[in-house]
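Here the structure is laid out as structure tokens; the discussion comes afterwards.
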Amino acid sequence: MAKKTRIKAKEKKGITTVKALSKHAMLSYAEAKSQKKEANFITSIVATVDDKVVYEVSTSQFLSKDPFMQFKFKGANKGKTLVFTWTDLKGTKRTDKAKIK
Amino acid sequence: MGLGAAAVMLPSTLSAVNFRETNKSAFEGPKSHTVDDAMKELYGTSKTTVGKVKLKAPDIAENGAVVPLQVSSDLAGKTVAIFQDANPESLVAVYTVPADGIIDYKLRIKMAKTGTVTAVVQDGTTLFSASKMVKVTAGGCGG
């Protein structure tokens, strides 16, 4: 289930743009019921650089399957590592890293 | 045992606010069904000032399973919340904007039917919002 998140992080003029594509079924309660599966979806995502939070979101069941996210932040340089972690309803965690280019 | 260990570990993450824990009623339960109620549960009010927030969404979404959204604003907001009125519960996501964060978020959401997407940026005590109607021709919530 917990597959790698594809991350691209690019710095330009002091602003880092991150695109992330997580692998997750994101089964909402209604979908899970019709498929006779257990609902499970990503409930929170945190991204950090040098232990500093640069992105934080609490999410619900209505993100699309394999959710895509894009966000921007200031103050990171090329070569730094972006750490991207999601947690789902069942408590599964997945952390992936990407170098800022 | 396993569950208890996980619960103990959670506070050690860097996450400042998990809105699913602090404002659970905005995500699930009887008060989460309408945008108004969910906003009240989250912010204590559903009064918003329209403007200063840009919300990009398609006019017509052929596939309700993937509706791309973009929220951006020049405000120095603390949180950004996204609501819609097409699904059983209205709150989609709450962002905490970090010190170096820029309010320019893209995400993809599911919509069961045609509805209005509302993005709210909290700046101090004021809520700024933008709304857009998205026409969904094929539902995406498996309903």
Taking placed amide H atoms and a strict 5 Å upper bound, the residues 5 or more places from A:Tyr55 or on another chain that come that close are A:Ala47
Past the 25 Å Cα-Cα mark, which pairs from A:Lys12/B:Lys106; A:Lys4/A:Lys90; A:Lys93/B:Lys52; A:Lys90/B:Lys47? A:Lys93/B:Lys52; A:Lys90/B:Lys47
Cα-based Rg of region A:6-99 normalised by 2.2 N^0.38 Å, two decimals: 1.18
From the C-alpha coordinates alone, can you work out the Kirkwood hydrodynamic radius of region B:19-136, in Å? 14.1
Treat the count of other C-beta atoms within 10 Å as a stand-in for reagent exposure and order B:Val71, B:Val50 from fewest to most. B:Val50, B:Val71
Using just the C-alpha positions of the protein assembly as shown as equal point scatterers, what log10 of I(q)/I(0) does the Debye formula give at each q in 0.15 1/Å? -1.05
Can you give me the relative contact order of chain A as a percent, contacts being Cα pairs under 8 Å and 6 or more apart? 33
Please report the relative contact order for region B:19-136, taking Cα pairs under 8 Å with a sequence separation of at least 6, and give it as a percent rounded to a whole number. 30
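Values in this text are rule-based calculations from the coordinates and carry no lab data. Everything numeric in this text was worked out from a predicted model, so none of it was measured. Counting neighbours? That spans all protein chains shown, and the Cβs are built from the backbone with ideal geometry, glycine included.
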